[in-house]
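Following: one structure in structure tokens, then a few remarks.
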Amino acid sequence: LLNAWTSIGEQHQCRVGKAHLKVFVTGGAGYIGSHVVVELVKHGYEVVIFDNFSNASSNVPTALSELCGVQITVTSGDLRDASALECVFSDHSIDAVMHFAGLKSVAESVADPLMYYDNNVLGSLQLCKSMRKYDVKRLVFSSSATVYGDPISVPIREDAPAVNPTNPYGMTKVICEKMVLDLCRSDPSFSAGILRYFNPVGAHPSGLIGEDPKGQPANLMPLLTNAAADPTAVLKIYGCDYPTKDGTGVRDYIHVCDLAAGHVAALNRCSTDSQHFIANLGTGNGFSVLEVIRAFEQACGIKIAYQIAPRRPGDVAICYADTSYATEFLNWRAEKTLKDMCLDSWRWQEQNSLLGSHM
Ligand code: NAD
Ligand code: UD1
């Protein structure tokens, strides 16, 4: 399994001489959080994961320990459970928090908005209260480009209106962003980085961790790899009449490992001079659905059967980031190509189906 990932020795070297700050990672067994854990350990941080495994596999802790070359501390618990948080904050001397835990399906949030407000908003509120109680003053928060709703223009800058998302999931992000910023304003010693992700795809090059949702995937890349794995499957392209280069929707796909590196850069900024900041994490490039399909076919040598379907309600035509702020302020930029994203997504899919279900 590790044939494509040979740098564990390098990671050990990386750890030498780095400060041993302890980072509490909520949702650290999930897709993005697990990749960030690998990056944190690589940079010498100690990690404590907190996750209720509502959307994560029980195999992730073992895979992470294997990838990181150290045992990762994992606590199973729900963010809304004050006593569960209390246990972790009192047992560990936490220096900073990275907050990934949350529900993220747009369609599900439309069908059951209260579940989303309950989990995402109350969970974040409880976390902030515990941080205040235990005097933990550094936070990196997962937000989403969904806060921009239907953008007025692209590329999207961080100062574009971000108050009118088209769905309840997006509104939970707007509310949590506001809560975190208010907390920063009320306490000058509290520092937070709010990161707005564009379209995270791909997987760790080892194939050991990747996106492993419970239930049916709804996003393009997992549906594309499913279609590649199943010769009877036909990928639906939602709309070919958008005002874009080829009529299909355009998005800013970013490799999850680049995204993970952006988080470590953000954490470093939180711990120095900047009290609060909001940064887009994307590549700054927009690719259409047809371009993604062609890139996948070329990279993986597999033909994808597709058909044009009606537009998906709530979709926007074009969404991609202005990344200049992240480049300058975080001294970070995405490096992986669309080909890398396709190859790593496919490797994950292949190893995942060979291993059977990750659930
Ligand atoms: P994910 O579902 O893979 O990971 C979230 C993790 O949080 C899961 O492991 C889940 O079990 C856990 N969790 C959920 N609610 C919890 C609770 N109440 N208490 C404890 N654990 C809980 O999702 P992801 O793709 O890794 O997303 C991470 C964060 O990034 C989320 O906040 C999401 O909204 C945000 N985000 C994701 C994307 C994306 O495309 N994946 C885009 C923009 C923003
Ligand atoms: C969706 C969410 C967004 C979330 C993001 C990443 C919506 C409205 N938005 O964004 O909040 O942050 O996922 O999790 O759901 N497509 C197809 N066929 C498919 C699937 C998708 O043509 O089977 C197209 C879509 O129309 C879109 C593009 O592919 O143009 C990307 O879709 P998707 O991966 O679902 O991401 P977003 O819609 O950008």
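Here, each number is a calculation from the coordinates, and none is a lab measurement. No experiment lies behind these values; they were computed from the predicted model shown. Quick reminder, even Gly has a Cβ in these numbers, built from the backbone with ideal geometry, and neighbours come from all protein chains shown.
Structure data summary
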| quantity | calculated |
| --- | --- |
| Flag for residue 170 being outside any loop (DSSP other than H, G, I, E, B), within 10 Å of ligand 2 (Cβ to nearest atom), buried (at least 18 other Cβ atoms within 10 Å of the Cβ) and not basic (Lys, Arg) | yes |
| Scan of region 290-323 for residues that are in a helix (DSSP H, G or I), more than 16 Å from ligand 1 (Cβ to nearest atom) and touching a residue at least 12 places away in the same chain (Cβ under 8 Å), ordered by number | 290, 291, 293, 295, 296, 298, 299, 300 |
| Residue list for region 256-281, restricted to those being surrounded by 21 or more Cβ atoms within 10 Å (Cβ to Cβ) and either without any contact (Cβ under 8 Å) to a residue 12 or more places away in the chain or within 20 Å of residue 318 (Cβ to Cβ) (or both) | 280, 281 |
| Test: residue in region 229-238 that is over 15 Å from residue 290 (Cβ atoms), within 14 Å of ligand 2 (Cβ to nearest atom) and touching a Ser or Thr at 6+ places or on another chain (Cβ under 7 Å) | no |
| Top-ranked residue in region 231-262 [being part of a strand (DSSP E or B) and out of contact with any Cys (no Cβ under 6 Å at 6 or more places or on another chain); ranked as nearest to residue 34 (Cα to Cα)] | 255 |
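Rundown of residues vs (1) among the hydrophobic types (A, V, I, L, M, F, W, C); (2) within 14 Å of ligand 1 (Cβ to nearest atom); (3) over 19 Å from the mean Cα position of the chain (by Cα), yes/no style:
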{"site": "176", "(1), (2), (3)": "yes, yes, no"}
{"site": "188", "(1), (2), (3)": "no, no, yes"}
{"site": "196", "(1), (2), (3)": "no, yes, no"}
{"site": "200", "(1), (2), (3)": "no, yes, no"}
{"site": "205", "(1), (2), (3)": "no, no, no"}
{"site": "209", "(1), (2), (3)": "yes, yes, no"}
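Condition check ((1) within 16 Å of ligand 2 (Cβ to nearest atom); (2) closer than 18 Å to residue 141 by Cα; (3) among the small types (Gly, Ala, Ser); (4) in a helix (DSSP H, G or I)) across all residues:
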{"site": "24", "(1), (2), (3), (4)": "no, yes, no, no"}
{"site": "39", "(1), (2), (3), (4)": "no, yes, no, yes"}
{"site": "54", "(1), (2), (3), (4)": "no, no, yes, no"}
{"site": "71", "(1), (2), (3), (4)": "no, no, no, no"}
{"site": "78", "(1), (2), (3), (4)": "no, yes, no, no"}
{"site": "86", "(1), (2), (3), (4)": "no, no, no, yes"}
{"site": "102", "(1), (2), (3), (4)": "yes, yes, yes, no"}
